[in-house]
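The values are calculated or read from the model by the stated rules, or taken from the named source; none is laboratory data. It should be emphasised that the depicted structure is a prediction, and the values quoted were computed from it without experimental measurement. So basically every Cβ, Gly included, is an ideal-geometry build from the backbone, and we count neighbours across all protein chains shown. Just so you know, the surface numbers come from the protein's heavy atoms only, side chains and all, with ligands and any DNA or RNA stripped out. Shrake-Rupley method; radii C 1.70, N 1.55, O 1.52, S 1.80 Å.
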Amino acid sequence: GAFPGVARPSDRALYAGLCPDPGLLLGAPGRLSGEPAAIDSLLDRRARSLGPSLSISYEKPLHVVRGFMQHLYDADGQPYLDMVNNVPHVGHSNPRVVAAAARQMAVLSTNTRYLHPLLEEYAEALAATFPRPLSACFFVNSGSEANELALRLARVATGRKGTVVVDVGYHGNTTTLIDVSPYKHDGRGGRGAPDWVRKVALPDPYRGLFRGAASGPDYAALLDDALDALEVAGHPAGAFLVESMLGCGGQVVLPEGYLAGAFRRVRARGGVCIADEVQVGFGRAGTHFWAFEHQGVVPDVVTLGKPIGNGWPLGAVVTTPEIARAFHDGMEYFNTFGGSQASLAAGMAVLREVAEKDLQANALRVGARILTGLRELQGRHAALGDVRGLGLYIGAELVKDRETREPFPEAAGYVANRLRDLGVLVSTDGPDHNVLKVKPPLVVTEADADLLLEALDRILAEDAAGPDRPFVSPGTVSGRPGGRARPRTGRQGRPRSRRSRPEGR
Ligand code: PMP
């Protein structure tokens, strides 16, 4: 009598446990068991037809069928607040971007060997967002291609191959970019760095070699040794490649003075400074359009990807006229898809949308609300060791002990999976896999920020409520005695951290 006619998909397991699928009695495919079976079937087909090195997010994989603005919708029609995907910068399926790309695709989309005003128009509009002398654009298809080209520009301009990178940095998936990405070549399956690459310590003011907001110059001084080592190895530095905020490094905001000190050292030895803005550009930092501006520097080369086309495969390199001229050494640069009219139309629509909807200001406002909220939560939940970020690029470190700062990766994985169950998507990263990453489309609202904060508060409070929880945190700030993390296993008996840790994103 008291059974509802309609139930939430999230209650499916409950009702499936109480009664057989009525669909079977009615001779119609049942919705009671439908979606889990569909997920299993997709997983099986994926295992048969795709390379196994592709990862899947979350303990319970998400079967998404629709995205609109800051929400993703699963096959049951359940919405998820997307607090992690920074590619749909101006919103999933943003109507303006979709219409612009579709309209152009239906008329003309070819390569840059023909004249078309969109190419100049977009290059001018993009260059106008940069401080001088950055003004020469190249268009490519991805962040990896942008970084590949940036390294080529530096090598041709300086005649040198030596490259300094920051520890745990990630710059892309090509052979050369794995060589300059410690996140990959020092990670699982990695084979180390070649002798033309030297890395400097992660300038992490919370748990790094030097601590505190004033640690920038100390970290920058570490470039001296790296530059010396490259010279000794016979590969003087041609380039310093650095993310303007460190993504895989754990959403680290660079300490003040870091890039100024590092760039000065690199340039004194004749090297070129490349800022990788693939993750963090286009207003995400809130205070500035480009995150490097927050450090008060102007790089020699800037690489762009992800948000630039809101999902359309577009990337760009912006450099000085001098470096662009040096690169013009007789070899043509040709990129079949880079700079096609459809991709330029998508890119132009993104720039217009950011400007007209004032999304940089929104990033600052909503980001501040999330940061303030997280800092309040820190007062109640001891597991929240550090909270940091700029605009809508935010990280929260989970620790076992505030004093020792011992990382708590199990807690981060658990929280990300629980948030997913509550309809909020984040991911985890950092060298210790204990940082919750928040980097949503810039269209999120203050109400969305509150939803994230309430869900996180609930999860951390639930956890603190009893030892029967999947992980037991070290206690609330008021001093509840601690417990031990219990590792859990995923669907196929793998450690759950494999599912909850997307790579290189
Ligand atoms: N640089 C950074 C900082 C990135 O995060 C990524 C992608 N995760 C890349 C470069 C590579 O971009 P793509 O995946 O588009 O090749």
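Within a straight-line Cα-Cα reach of under 14 Å, LYS400 can be paired with the following aspartates and glutamates, leaving aside sequence neighbours fewer than 8 residues apart in one chain: ASP386, GLU410, ASP432, ASP463. Computed from label points 7 Å out along Cα-Cβ, the spacing between ALA47 and ALA361 is 5.3 nm. When only DSSP loop residues count, what trypsin sites (Lys or Arg not before Pro) in the stretch 170-203 have their Cβ near at most 11 other Cβ atoms within 10 Å? Passing both the DSSP loop test and the Cβ count: ARG188, ARG191. At a probe radius of 1.4 angstrom, the accessible area of the stretch 1-149 per residue rounds to 58 square angstrom.
Nearest 5 is fine: what % of DSSP beta bridges in the chain come out antiparallel, could you say? Approximately 65 percent, going by the DSSP bridge assignments. The three principal axes of the C-alpha atoms in the chain carry coordinate ranges of 80, 60, 43 Å, sorted with the longest axis first.
Name the longest site-free stretch of the chain, where the excluded sites are GluC sites (Glu not before Pro) in a DSSP loop with no more than 12 other beta-carbon atoms within 10 Å.
Numbers: sites that count: GLU332, GLU403.
Value returned for the longest uninterrupted segment is 1-331.
Please compute the length gained on full extension between MET69 and VAL156, using 0.36 nm multiplied by the number of residues separating them and subtracting their Cα-Cα distance. Provide the component values of the computation, followed by the final result.
Values: separation 87, 0.36 × 87 = 31.32 nm, distance 4.14 nm.
Once the chain is fully extended between MET69 and VAL156, it gains 27.2 nm.
Dipole of the chain computed with +1 at Lys/Arg Cβ and -1 at Asp/Glu Cβ about the Cα centre; of SER10, MET331, ALA125, farthest Cα towards the positive end is SER10. Which angle from 0 to 90°, rounded to the nearest 10, does the C-alpha axis of helix 409-421 make with the longest principal axis of the chain? Once rounded, one gets 70 degrees.
Please label the shape of the stretch 251-381 as rounded, prolate or oblate, based on the square roots a ≥ b ≥ c of the eigenvalues of the alpha-carbon gyration tensor (a/c under 1.5 means rounded; beyond that, a/b larger than b/c means prolate, else oblate). Walk me through the numbers before you get to the answer.
Working: a/c = 2.82, a/b = 1.32, b/c = 2.14.
Since a/c reaches 1.5 but b/c is at least a/b, the shape of the stretch 251-381 is classed as oblate.
Mark the label point 7 Å from the Cα of ALA102 along Cα→Cβ and return the residues of the stretch 61-95 whose backbone N is within less than 16 Å of it. Flagged as within label range: 66-69, 92-95.
Calculated [222 nm] ellipticity per residue, helices only, for the chain: -11000 deg cm²/dmol; basis is -39500 (n - 2.57) per DSSP H run with n ≥ 4, divided by all residues, nearest 500. Calculated accessible area for the stretch 296-383 comes out at 40 Å² per residue, all protein chains present (probe 1.4 Å; ligands, DNA, RNA ignored).
Taking amide H atoms as placed 1.01 Å from N in the peptide plane, the amide H of LYS400 lies under 5 Å from those of GLU406, PHE408, each 5 or more residues away in sequence or on another chain. Given a 1.4 Å probe and every protein chain left where it sits, what share in percent of the accessible area of the chain is carbon and sulfur? The value for the chain is 54 percent carbon and sulfur by accessible area. Once the Cβ-Cβ distance of ASN173 and SER10 is raised to the sixth power relative to R0 = 41 Å, the FRET efficiency obtained is 0.70. Taking a straight line from the alpha carbon of LYS306, these lysines sit under 18 Å away, with near neighbours fewer than eight places off in the same chain left out: LYS437, LYS439. Among the chymotrypsin sites (Phe, Trp or Tyr not before Pro) in the stretch 268-367, those placed in a DSSP loop whose Cβ has at most 11 other Cβ atoms within 10 Å are PHE334. The angle between the Cα long axis of helix 143-158 and the main principal axis of the chain comes to about 20°, on a 0 to 90 degree scale.
The residues ASP228, ASP21, sorted by heavy-atom accessible surface at 1.4 Å with ligands and nucleic acids left out, run ASP228, ASP21 from largest to smallest.
Among the chymotrypsin sites (Phe, Trp or Tyr not before Pro) within the stretch 88-150, which fall in a DSSP loop and have no more than 13 other Cβ atoms within 10 Å of their own Cβ? Walk me through the numbers on the way to the answer.
Details: sites: TYR114, TYR122, PHE138, PHE139; in loops: TYR114.
Within the stretch 88-150, the qualifying chymotrypsin sites (Phe, Trp or Tyr not before Pro) (loop, at most 13 other Cβ atoms within 10 Å) are TYR114.
Helix 446-465 sits at what angle to the longest principal axis of the chain, using alpha carbons and giving 0 to 90 degrees rounded to 10? Once rounded, the angle reads 60 degrees.
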